[in-house]
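J.: Next up is a structure, given as structure tokens.
Values quoted throughout were computed directly from the atomic coordinates according to the rules given, and no laboratory measurement underlies them. Just so it is clear, the model here is predicted, and its values are computed rather than measured. Cβ placement follows ideal geometry from the backbone for every residue including glycine, while neighbour counts extend to all protein chains displayed.
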Amino acid sequence: MHEVFPLTPALHRFLRLHWRDESDVSDLVQETLVRVYEAAREERPRLPKPFIFMVARNLMIDKIRQKRVVPIDRMLDFEWSNIVDETPSPEQHTAAREELRLLQIALGELPQPCRDVVMLRKIEGISQRDVAQRLGLTEDNVEHLIAKGMRLLKKTVYGSRRPLVGAARRYLALETSKSR
């Protein structure tokens, strides 16, 4: 340790230069010396000066990490609902794209008057009265065509999904039985 103590003033300068809170410097020096002493009990460092400054640097890194950790008692009052990630998972994204693809196919298969009415009313958001005026229909006809078009879309899209849903259920059942 006789090689270490003469380096203490240089260690103080080093820590004051690299650590923002002056009140922590004495504690950091002391902790550095303790760690150096404990390490030297196992094996004496060949080059004490670089070793001491490396220990001080690692100690500062540890202190910075500790300061970044939020104590659990502060987290008890935290509103957890604010940090829930509501972005769709890759599986949800893929399923939504598949549903969109099926919907586009189903829209293309609708009879022309139904397709026009559904596109204008449900996709473009045009009022029923305006759709009727644009297409030269009565509002009752527009309402009827929307209902018919929506039934056909539902049948086509959800009817197409049944094989996918069945396959997914079989896969999940298989995975569940494997994990037991």
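J.: Could you work out how far apart the two model spin labels at ARG68 and ASP27 are, taking each label as a point 7 Å from the Cα in the direction of the beta carbon, and quote it in nm?
T.: 2.0
J.: Kirkwood Rh, Cα Rg: Rg to Rh for region 5-75?
T.: Result: Rg/Rh = 1.04.
J.: Work out, step by step, the length gained on full extension between ILE105 and ILE126: first 0.36 nm times the residue separation, then minus their alpha carbon distance; give nm to one decimal.
T.: Net length gain for the segment: 5.3 nm.
J.: Among PHE14, PHE53, PHE5, what is the fewest-to-most ranking by other Cβ atoms within 10 Å?
T.: In increasing order of surrounding Cβ atoms, one gets PHE5, PHE53, PHE14.
J.: Once the convex hull of the alpha carbons of region 99-158 is built, what does its volume come to per residue, in cubic angstrom?
T.: Given the Cα convex hull of region 99-158, per-residue volume reads 64 Å³.
J.: On a straight-distance basis, which lysines could pair with LYS122 in a cross-link, Cα separation under 28 angstrom, same-chain partners fewer than 8 positions away excluded?
T.: Result set, ordered by chain and number: LYS148, LYS154, LYS155.
J.: Mind giving me the FRET efficiency for ALA96 and HIS144? R0 is 30 Å, r the Cβ-Cβ distance, nearest 0.05 is fine.
T.: In this case the efficiency is close to 0.50.
J.: Let me ask something additional. Using a Förster distance of 35 angstrom, determine the FRET efficiency expected from the C-beta separation of GLU38 and SER89, and round it to 0.05.
T.: That pair, GLU38 with SER89, gives E of 0.15.
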